[in-house]
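Notes follow once the structure below has been shown.
FYI, it's all coordinate maths here, none of it is from the lab. Remember, predicted model here, so these are calculated numbers, not experimental data. Cβ coordinates were reconstructed from backbone atoms using ideal geometry, including for glycine residues, and neighbour counts include every protein chain displayed.
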Amino acid sequence: MLDNALAALVSFFLIDPLQAEISQRLAAAGAPQTVVADVAACARTATPAIIERASGDPWWAATTAAGVWLGSTRPDAVLVEVAPACAPAVDAARPFLAARQA
């Protein structure tokens, strides 16, 4: 039961904002739907790794969630840090994310 509560909290405060921020930035930059879909799919598959990292390192979870919410932490960097297999999808999205930041 505690595991479910932790997963729900991590999902609400970290995973959902991370996915929303990346998707919004890509959509605003006019990224192709395939790029948006690939990053979103990778983020969904990274969810267990993010929850595992957050449960093992609550300080990382809190500071990362705050950073994503406040805009001081790049969500794409968090995704690649936690799920290195997402690097190809994020790399394909980086030109659009960089254009949006400029």
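Here are a few things to note about the model shown:
- Residue-count net charge about Leu9 - beta-carbon cut-off 15 Å; Lys, Arg +1, Asp, Glu -1: -3
- Per-residue ellipticity at 222 nm from helix content only, as computed over the chain with -39500 (n - 2.57) for each DSSP H run of at least four residues, stands at -26000 deg cm²/dmol.
- Rel. contact order, % - alpha carbon contacts under 8 angstrom, at least six apart, region 2-101: 41
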